[in-house]
1. If one puts a single equal scatterer on every Cα of the range 238-295 and applies the Debye formula without solvent, what log₁₀ I(q)/I(0) results at q = 0.21, 0.23 Å⁻¹?
2. Which value results when the Cα radius of gyration for the range 6-130 is divided by 2.2 N^0.38 Å?
3. Take the Cβ-Cβ distance between Asp380 and Glu176 as r, set R0 to 25 Å, and report the resulting FRET efficiency rounded to the nearest 0.05.
4. Of Pro320, Ile362, Asn346, which is farthest along the charge dipole of the range 286-374 in the positive direction, counting Lys and Arg as +1 and Asp and Glu as -1 at C-beta?
5. Place +1 on the Cβ of every Lys and Arg and -1 on the Cβ of every Asp and Glu in the chain, take the dipole about the Cα centre, and give the residue among Pro158, Phe303, Gly413 whose Cα lies farthest towards its positive end.
6. Could you list Met214, Met241, Met41 in order of exposure, starting from the residue whose Cβ has the fewest other Cβ atoms within 10 Å?
7. What area, in nm² and to one decimal, does the C-alpha convex hull of the range 332-463 cast on average over all directions?
8. Could you tell me which residue out of Ala184, Leu481, Leu74 lies farthest along the dipole of the chain toward its positive end? Charges go on the beta carbon: Lys and Arg +1, Asp and Glu -1, centred on the Cα centre.
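What follows draws every value from the coordinates through simple rules; no lab data is involved. Source: prediction; values computed, not measured. Cβ sites come from the backbone with ideal geometry, for glycine too, and all protein chains shown count toward neighbours.
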Amino acid sequence: MATEPPEASETDAYEALEERTKRLSYLGDARGVLAWDQRVMMPEGGAPARGKQLSALSTVSHDLLTDDEVGEWLDELYGRDLDADQQVLVRELRRRYDRSDRVPSDLVAELTETQSDAQQVWEDAKADADFSQFAPTLDDLRELHVERARHIDDTADPYAVMFEDGEPYLPLERVEEIFDTLRAELVPLIAGIKDSDAEFTSPFAGDYDDDTQMELCREIVDRLGYDWDRGRLDTAPHPFMVGPQFDARITTRFKSDDPVDAMLSTIHEFGHASYQHGLRDDAYGLPLGQSRSSGVHESQSRFWENHVGRTEAFWEYAAPFVNEHLGTDAAPREAYEAVNRIYPDNCIRVEADELTYHMHIILRSDVEKAFVGGDLAVEDVPERWNDLMEEYLGVRPADDAAGCLQDIHWTGGFASFQNYTVGSVLAAQLDATMREDLDVDGLVCEGEFAPIREWLTEHVHSHGQRYTTDELIEVATGEPLTADYFVDYAREKFGDIYDL
């Protein structure tokens, strides 16, 4: 008697899994647009409704992901002879399913609504420089995130489980080893810079209105190759990027006395958007059309900000049109030195220079790891923060707004700051590899950015989630993630600028 080929059931299961994956992706992108609106255009009074809207979307997504039939499809496909693309989807959805299925949907709804409401609480507390206003909410967020982590894996450190949300395939222990290397190498380098007699001018000192700075930022990302048909540039209290390859929106912010801050922030967010724009259009909604991880994403923004926007070659190219916008007369070398000044006394992470920035990241990681682990009470967060700032950088914040309230990130979760440093380290490794293939400085000096974008798309973006983080780094650079390239780059660059 003829029987149905077993491949038919397998095909049905895979097609159903693929369709469910797409729906989950589309819902996530819709949630991203709502989150963008909340931070860019929504009136302040809309926060309570927006929290419920976002919570509803998260609940629907959670229920779709953890539906029993998803588990049945995954079980049916286990061990089957799937092609390479299919294996990627099954691997990625299996991981998401296993983690999410263990978390009750009512906890997902409560956490999402609390996170949304927390954004306004944080903004008000920061405006008043009063951590006590935010402390109860932060304590609630910790309890909810710890509860979620314990549902996912009650045998693991909750903080490590949280880290895996953004970096699923890069062990936290590896990142902490990189932190140890950077502590050993950067602290003495920064100390040498503080003792240096080097003097620099301030070629962009002045007072600049928002319109002037916006026009300049738009021209910069336009020249870099931003696809305006698939994005837009707006302002937000904390710059960010959101959206898939078809709609990667970026934001920036302006300081009237520091146009460089907006320029570099905009270039940074352009780097994030370039990753999204480099993903495969034909794989939208599927893992092969999605970015690999937070750390890899950050490598793209830090590459464009530091290995393009802070180079002498870039200022050879950009100084003329920047001067035209700002009414200044900065020489390229003068501008290059100005954007690479080291400010150890600065307390604000997003205003930090390229070296001390990583001490800000290490500080945050130390504080939140102790807080999440229960070794630091919420009311003691400001003092611990200030003590570590003094220990690492020799400066103490004047108030909570300049201290532990400066970042919005804790309203969204914990154990994500590490990825900024992972990104910088990987950016240096990618830059060193790219220079074996391209005359990067020559291209930047001529304003020819397309070959750079194309190299990154070929080696990073186009792969989507085909590879795990470690595998992608080896495919792109030929070796595992290492801090060596960043350390060498920092020594050479700042040794030259500060004549060390």
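1. -0.76, -0.85
2. Working: Rg = 18.4 Å, N = 125, 2.2 N^0.38 = 13.8 Å.
Relative to the rule-of-thumb radius for its length, the range 6-130 sits at 1.33.
3. Working: r = 23 Å, r/R0 = 0.91.
Efficiency, from the Cβ-Cβ distance: 0.65.
4. Going by the charge dipole, the pick is Ile362.
5. Gly413
6. Values: Met214 17, Met241 22, Met41 10.
Lowest to highest Cβ neighbour count: Met41, Met214, Met241.
7. Details: hull surface 41.9 nm².
Answer in nm², one decimal: 10.5.
8. Leu74
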